[in-house]
Amino acid sequence: QVQIAESGGGSVETGGSLRLSCVASGVIDAISTMRWYRQSPGKEREWVATAPVIGSAPMYHESVSGRFTIIRQNRKNTVVLQMKNLRPDDTAVYYCGMVIRQSVWSSYEDYWGQGIQVTVSP
(Lines give C-alpha, C1' and ligand atoms only; values in the text may rest on other atoms or scores of the structure.)
Protein backbone atom coordinates (compact mmCIF):
# COMPACT_ATOMS: atom_id res chain seq x y z
CA GLN A 1 0.00 0.00 0.00
CA VAL A 2 3.05 2.21 -0.23
CA GLN A 3 4.74 2.81 -3.54
CA ILE A 4 8.16 4.34 -4.09
CA ALA A 5 8.98 5.71 -7.53
CA GLU A 6 12.26 7.18 -8.77
CA SER A 7 12.62 9.45 -11.78
CA GLY A 8 15.16 11.67 -13.46
CA GLY A 9 17.91 9.24 -14.41
CA GLY A 10 19.65 9.18 -17.76
CA SER A 11 22.97 9.56 -19.51
CA VAL A 12 25.40 12.44 -19.21
CA GLU A 13 29.02 13.11 -19.96
CA THR A 14 31.72 13.49 -17.32
CA GLY A 15 31.23 16.73 -15.45
CA GLY A 16 27.51 16.85 -16.15
CA SER A 17 24.60 17.03 -13.73
CA LEU A 18 21.45 15.07 -13.07
CA ARG A 19 18.60 15.42 -10.62
CA LEU A 20 16.93 12.30 -9.27
CA SER A 21 13.54 12.48 -7.60
CA CYS A 22 11.80 9.91 -5.47
CA VAL A 23 8.19 10.14 -4.33
CA ALA A 24 6.28 7.96 -1.91
CA SER A 25 2.56 7.43 -2.41
CA GLY A 26 -0.21 5.42 -0.84
CA VAL A 27 -1.23 5.15 2.80
CA ILE A 28 1.37 7.21 4.67
CA ASP A 29 1.21 8.66 8.16
CA ALA A 30 4.84 9.62 8.64
CA ILE A 31 8.22 9.26 6.98
CA SER A 32 11.39 8.91 8.98
CA THR A 33 14.65 8.45 7.11
CA MET A 34 14.97 9.05 3.38
CA ARG A 35 18.07 7.80 1.58
CA TRP A 36 19.69 6.89 -1.70
CA TYR A 37 21.76 3.84 -2.52
CA ARG A 38 23.38 2.74 -5.77
CA GLN A 39 24.62 -0.44 -7.36
CA SER A 40 27.15 -0.72 -10.14
CA PRO A 41 27.56 -3.87 -12.27
CA GLY A 42 29.45 -6.53 -10.38
CA LYS A 43 29.40 -4.58 -7.12
CA GLU A 44 27.30 -4.65 -4.00
CA ARG A 45 24.73 -1.99 -3.35
CA GLU A 46 26.33 0.94 -1.56
CA TRP A 47 24.90 3.76 0.47
CA VAL A 48 25.07 7.23 -1.12
CA ALA A 49 23.25 9.74 1.06
CA THR A 50 20.74 10.06 3.87
CA ALA A 51 18.27 12.78 4.74
CA PRO A 52 17.30 12.21 8.36
CA VAL A 53 14.28 13.73 10.01
CA ILE A 54 14.17 17.50 10.16
CA GLY A 55 16.77 18.92 12.50
CA SER A 56 19.53 16.51 11.65
CA ALA A 57 22.21 17.14 9.06
CA PRO A 58 22.25 15.12 5.85
CA MET A 59 25.00 12.54 5.47
CA TYR A 60 27.00 11.56 2.39
CA HIS A 61 29.34 8.82 1.30
CA GLU A 62 32.80 10.30 1.01
CA SER A 63 32.91 9.60 -2.72
CA VAL A 64 29.98 11.95 -3.39
CA SER A 65 30.45 14.55 -0.65
CA GLY A 66 30.67 18.01 -2.15
CA ARG A 67 29.16 16.86 -5.45
CA PHE A 68 25.76 15.43 -4.45
CA THR A 69 23.05 17.13 -2.42
CA ILE A 70 20.11 15.34 -0.86
CA ILE A 71 17.00 17.44 -0.41
CA ARG A 72 14.01 16.40 1.63
CA GLN A 73 10.55 17.73 0.70
CA ASN A 74 8.25 16.53 3.43
CA ARG A 75 5.02 18.05 2.13
CA LYS A 76 5.47 16.19 -1.13
CA ASN A 77 6.74 12.91 0.43
CA THR A 78 9.69 13.43 -1.87
CA VAL A 79 13.46 13.24 -1.68
CA VAL A 80 15.71 14.66 -4.36
CA LEU A 81 19.31 13.80 -5.14
CA GLN A 82 21.00 16.64 -6.96
CA MET A 83 24.17 15.33 -8.62
CA LYS A 84 26.82 17.53 -10.19
CA ASN A 85 30.33 17.04 -11.52
CA LEU A 86 29.43 13.46 -12.35
CA ARG A 87 32.15 10.91 -13.05
CA PRO A 88 32.12 7.55 -14.85
CA ASP A 89 32.37 5.75 -11.50
CA ASP A 90 29.02 7.26 -10.55
CA THR A 91 27.43 5.03 -13.18
CA ALA A 92 24.97 2.78 -11.39
CA VAL A 93 21.37 1.98 -10.73
CA TYR A 94 20.22 4.36 -8.02
CA TYR A 95 17.67 3.23 -5.45
CA CYS A 96 15.54 5.33 -3.15
CA GLY A 97 14.53 4.03 0.24
CA MET A 98 12.19 5.51 2.82
CA VAL A 99 11.29 4.43 6.33
CA ILE A 100 7.53 4.88 6.52
CA ARG A 101 4.76 4.45 9.03
CA GLN A 102 1.32 3.91 7.59
CA SER A 103 -0.63 4.78 10.74
CA VAL A 104 -0.03 5.82 14.32
CA TRP A 105 -0.73 2.24 15.34
CA SER A 106 1.79 0.65 13.00
CA SER A 107 5.56 0.41 13.10
CA TYR A 108 7.97 2.03 10.69
CA GLU A 109 8.96 -0.15 7.75
CA ASP A 110 11.49 0.14 4.95
CA TYR A 111 10.23 0.70 1.41
CA TRP A 112 12.32 0.75 -1.77
CA GLY A 113 11.88 1.86 -5.33
CA GLN A 114 12.69 -0.21 -8.42
CA GLY A 115 15.81 1.77 -9.17
CA ILE A 116 16.78 4.12 -11.95
CA GLN A 117 19.79 4.04 -14.24
CA VAL A 118 22.43 6.76 -14.24
CA THR A 119 25.16 6.48 -16.86
CA VAL A 120 28.16 8.81 -17.03
CA SER A 121 30.32 8.56 -20.11
CA PRO A 122 34.00 9.56 -20.22
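Need the full-extension length gain, residue 105 to residue 47, defined as separation in residues times 0.36 nm minus the C-alpha distance. One decimal, nm.
Taking residue 105 through residue 47 to full extension adds about 17.9 nm, to one decimal.
Could you list the square roots of 5 times each eigenvalue of the Cα gyration tensor of segment 56-122, that is, the equivalent ellipsoid semi-axes, sorted largest first and rounded to whole Å? Before the final figure, lay out the partial values.
On the way: eigenvalues 149, 40, 20 Å².
Here the semi-axes work out to 27, 14, 10 Å.
Given a Förster distance of 30 angstrom, what is the FRET efficiency for residue 119 paired with residue 29, based on the Cβ-Cβ distance and rounded to 0.05?
0.25
Could you work out how far apart the two model spin labels at residue 69 and residue 56 are, taking each label as a point 7 Å from the Cα in the direction of the beta carbon, and quote it in nm?
In this crude spin-label approximation the distance works out to 2.2 nm.
Have a look at 91, 28, 2 and report the one farthest towards the positive end of the charge dipole of segment 1-109, computed about the Cα centre with Cβ charges (Lys/Arg +1, Asp/Glu -1).
In segment 1-109, that residue is 28.
Residues of the chain: accessible area per residue at 1.4 Å, in Å²? List each step's numbers first, then the result.
Numbers: 6570 Å² over 122 residues.
It amounts to 54 Å² per residue over the chain.
Calculate what fraction, in whole %, of the accessible area of segment 1-93 sits on carbon and sulfur atoms when a 1.4 Å probe is rolled over the protein chains.
Result for segment 1-93: 49 percent of the exposed heavy-atom area is carbon or sulfur.
Return the sequence-ordered ³J(HN,Hα) values of segment 44-58 in whole Hz as given by the Karplus equation 6.51 cos²θ - 1.76 cosθ + 1.60 applied to θ = phi - 60°, using x for Gly and Pro.
Karplus-based 3J(HN,Hα) across segment 44-58 equals 6, 5, 10, 6, 10, 7, 9, 10, x, 5, 4, x, 10, 6, x Hz.
What is the ratio of the Cα radius of gyration of segment 27-79 to 2.2 N^0.38 Å, where N is its residue count, to two decimals?
1.26
For the chain, what does the relative contact order come out to in percent, with C-alpha contacts under 8 Å and a separation of six or more?
36 percent.
Let me know the whole percent of all Cα-Cα pairs from the chain that are separated by more than 22 Å.
Working: 2280 of 7381 pairs.
Looking at the chain, the distances longer than 22 Å represent 31 percent of pairs.
The values are calculated or read from the model by the stated rules, or taken from the named source; none is laboratory data. Model, not experiment: these values are computed from the prediction. Cβ sites come from the backbone with ideal geometry, for glycine too, and all protein chains shown count toward neighbours. Just so you know, the surface numbers come from the protein's heavy atoms only, side chains and all, with ligands and any DNA or RNA stripped out. Shrake-Rupley method; radii C 1.70, N 1.55, O 1.52, S 1.80 Å.
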